[in-house]
Each structure stands twice: as structure tokens, then as C-alpha cells.
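What follows is a single structure, written as C-alpha cells, with notes after it.
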Amino acid sequence: MLEKIIETTEFLKAKGVNDPDAGIILGTGLGELTAKIDTQIEIDYKDIPNFPVSTVEGHAGKLIYGKFGGKKIVAMKGRSHYYEGYGAEQVALPVRVLKYLGIKCLFLSNAAGGVNPSFQIGDIMVITDHINLLPNPLIGPNDDRIGARFPDMGEAYDKYLVNKALHIAKENNIRIHKGVYLSTTGPTFETPAEYKYFRTIGADAVGMSTTPEVIIARHMNLPCFAVSVITDLGIEGKIEYTTHESVQNEAAKAEVRMTIIMTEMISML
Ligand code: HPA
């Protein structure tokens, strides 16, 4: 694994991806944030050695390097999901490469179903903790050069960054929540009974991503900040027919607000 990480890191450095301050992984329907990047380099995942290529609509599959919020960033427009059939190694590699490129912080976004009864479609939730119901991406032999065998997950989401985001949202009059994100394999959306169960065990929002990347990042002690955009509701009486298109549309509507938060967060790094 380490050899592949180094090979990909060196490839990107040779292309000019140097000393990024932060990495950003963009979720379903949330890729337009990249329009705000002063882009210096853009590379398709398919042209990057060892990179998994996302097969999902709404995930462009491009790595973008440039200035955002006055900082040097690497953005991943499109990510791989477990439901696409990718193994843990393939999901892990891009996150490890970002760390080896030198990022100090990882920012993530996703589209999620709200199960907290106070949530509305279009709301933004800052993730304070998670329940990972996907297979743990660290299962298998551990490479101690990358991280410890048993990583602590007591503060998976950086508290300082969470508080900053709440402050930024307040200053910009953006409705925001804090909450627990639960990940499932997908690709089915939940049955009403499953939504109810996830609420019962402590979730505020449900999705199919993010926790593997956060686990991989925390394995390397990389601070993480993540937001969910609530694109549908898994709340009794409010459950409507959900499609990938409806998720993408609702995510796109919230994107301007999410971008304000991300820009200000990164500019204060
Ligand atoms: N469930 C799981 N994943 C999702 C949802 C959902 O309701 N909405 C967007 N991604």
C-alpha cells in the first residue's frame, strides 16, 4: 500500500501539486464548489495511477489543485463508495495520498437523509460524531508507517473546526445543526423501519459515505471537518419517494450555503 501511495503522491507532485494546506472531498451533487477554486491543475482520476474511478452520476471524478479561500487546496470532485464494489484499499488510497501531499486538514461533504425530527430538507448539519455501519476500512494487516493498529476515535471530528463552522453559519444567517452521521452500505435508501432504527440508535442523518474516509484520515492523525446536506427526510410522516436525482437537486440548492461555510473555514486555517 505505502509503495502505491508514494507512487501516486510523486506523480501528483511532478504535475505541480505542491504543499497543499487542505484537502476537500465533495459529496453527491456538491461538486460545484470547485467553480470557486482558482484552478491551477485539473486531472481526471482515470489519469492518476492507482486512483479508483467513481462510477456514480453526480461524481465527476476530477482532482483539482488551486487556491480557495486564499489557501492552496486539493479538491476531489467525486468519491468512491463501498456500494460501487470498491474495497477498502481503493477508498483509502486517495485520502492517504492527500495526507502524503502535505494537507493539514481534511474537509468533507455529503448528501444525507435527515432522521432528526427537527431537520428540514436543505438544512446543513455539521458532523460532530459518527456511527460507522460500513465495514471498517482498516480491517486487514496494519502498516505502522501509516498509522497505529488501534486508532482512537474519541474526537473523529475536530471540535475547534466544528465550533468555527457554527460561528460562521451564525454570522451568515445560515440555518445549521450539529449531529451524528450514520453510514450504511447502500445503495438502497432506507425503509421507514430502518430510518426509525437509525434514529433510535443515535443518528441525526444517514448516508453512504464519509465515515471510511474519516477513519482513514484519523488513522494518520489528520484533523477532519465534515458537513451533511439534508436532501430527504427519514422521519415518520415526512418520508417521500427518494431518487438519486432528487438527492442531487436538493444538494445543489444548498450548495451556495455550504460553499460559504467551507470558504470561510479554509481561509481561517
Ligand atoms: N439514506 C442514505 N443515503 C442518503 C440518503 C438517505 O436517505 N439521502 C442521501 N443519501
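The values are calculated or read from the model by the stated rules, or taken from the named source; none is laboratory data. As the structure is a prediction and not an experimental result, all values here were calculated from the model. Virtual Cβ from ideal backbone geometry, glycine too; neighbours counted across all protein chains shown. Accessible surface is based on the protein model in full, side chains and every heavy atom, while ligands, DNA and RNA are left aside. Shrake-Rupley method; radii C 1.70, N 1.55, O 1.52, S 1.80 Å.
Selection of the stretch 160-175 for residues being without any contact (Cβ under 8 Å) to a residue 12 or more places away in the chain and over 16 Å from I266 (Cβ atoms) yields K170, N173.
Suppose the filter is without any contact (Cβ under 8 Å) to a residue 12 or more places away in the chain, more than 10 Å from the ligand (Cβ to nearest atom), part of a helix (DSSP H, G or I) and out of contact with any Leu (no Cβ under 8 Å at 6 or more places or on another chain); does Y241 pass it?
Details: without any contact (Cβ under 8 Å) to a residue 12 or more places away in the chain: yes; more than 10 Å from the ligand (Cβ to nearest atom): yes; part of a helix (DSSP H, G or I): no; out of contact with any Leu (no Cβ under 8 Å at 6 or more places or on another chain): yes.
Here the answer is no, as Y241 does not meet what is asked.
Among the numbered conditions (1) touching a His at 6+ places or on another chain (Cβ under 9 Å); (2) assigned to a strand (DSSP E or B), tell me where S209 comes up short. Of everything listed in (1) touching a His at 6+ places or on another chain (Cβ under 9 Å); (2) assigned to a strand (DSSP E or B), S209 misses just condition (2).
Counting only residues that are over 13 Å from the mean Cα position of the chain (by Cα), within 13 Å of the ligand (Cβ to nearest atom) and outside any strand (DSSP E or B), the stretch 80-135 holds 10 of them.
Within the stretch 131-174, the set of residues being closer than 20 Å to F107 by Cβ and of a type in the set (K, R) comprises K159, K164, K170. Residues of the stretch 31-58 that are touching a Leu at 6+ places or on another chain (Cβ under 9 Å), buried (at least 16 other Cβ atoms within 10 Å of the Cβ), of a type in the set (A, V, I, L, M) and modelled with pLDDT of 90 or more: I43, I48. Which ones in the stretch 216-243 are open to solvent by less than 10 Å² (accessible area, probe 1.4 Å) and in contact with a strand residue (DSSP E or B) (Cβ under 7 Å, 6 or more places away or on another chain)? Correct list: A217, L222, C224, F225, A226, V227, S228, V229, I230, T231, G234.
Is it the case that the stretch 154-170 has a residue that's open to solvent by 60 Å² or more (accessible area, probe 1.4 Å), within 25 Å of T200 (Cβ to Cβ) and under 18 Å from the mean Cα position of the chain (by Cα)? Full working, then the answer.
Taking the stretch 154-170 as the starting set, the residues that turn out to be open to solvent by 60 Å² or more (accessible area, probe 1.4 Å) are 154-155, 159-160, 163-164, 167, 170.
Then drop every residue that is not within 25 Å of T200 (Cβ to Cβ), which leaves 154-155.
Next, only the ones that are under 18 Å from the mean Cα position of the chain (by Cα) stay: 155.
There is at least one residue in the stretch 154-170 that is open to solvent by 60 Å² or more (accessible area, probe 1.4 Å), within 25 Å of T200 (Cβ to Cβ) and under 18 Å from the mean Cα position of the chain (by Cα).
Against the list (1) free of Cβ contacts under 8 Å to residues at least 60 places away in the same chain; (2) open to solvent by 80 Å² or more (accessible area, probe 1.4 Å), the condition G140 fails is (2).
Looking across the stretch 186-195, just one residue is more than 10 Å from the ligand (Cβ to nearest atom) and either under 23 Å from K253 (Cα atoms) or touching a residue at least 24 places away in the same chain (Cβ under 8 Å) (or both), and that is P192.
Among what's in the stretch 180-206 and is of a type in the set (A, V, I, L, M, F, W, C) and part of a helix (DSSP H, G or I), pick the residue that is most open to solvent (accessible area, probe 1.4 Å). Even if it seems obvious, please write down each step before you answer.
Residues of the stretch 180-206 of a type in the set (A, V, I, L, M, F, W, C): 180, 182, 189, 193, 198, 201, 203, 205-206.
Next cut, part of a helix (DSSP H, G or I) only: 193, 198.
Values: A193: 71, F198: 17 Å².
Residue satisfying both the conditions and the ranking: A193.
Given the criteria more than 21 Å from E264 (Cβ to Cβ) and open to solvent by less than 40 Å² (accessible area, probe 1.4 Å), does S80 qualify? Criteria met by S80. Filtering T210, T259 for residues that are in contact (Cβ under 8 Å) with a residue 24 or more places away in the chain, open to solvent by less than 20 Å² (accessible area, probe 1.4 Å), polar (S, T, N, Q) and away from the ligand (no atom under 14 Å from the Cβ) leaves a single hit, T259.
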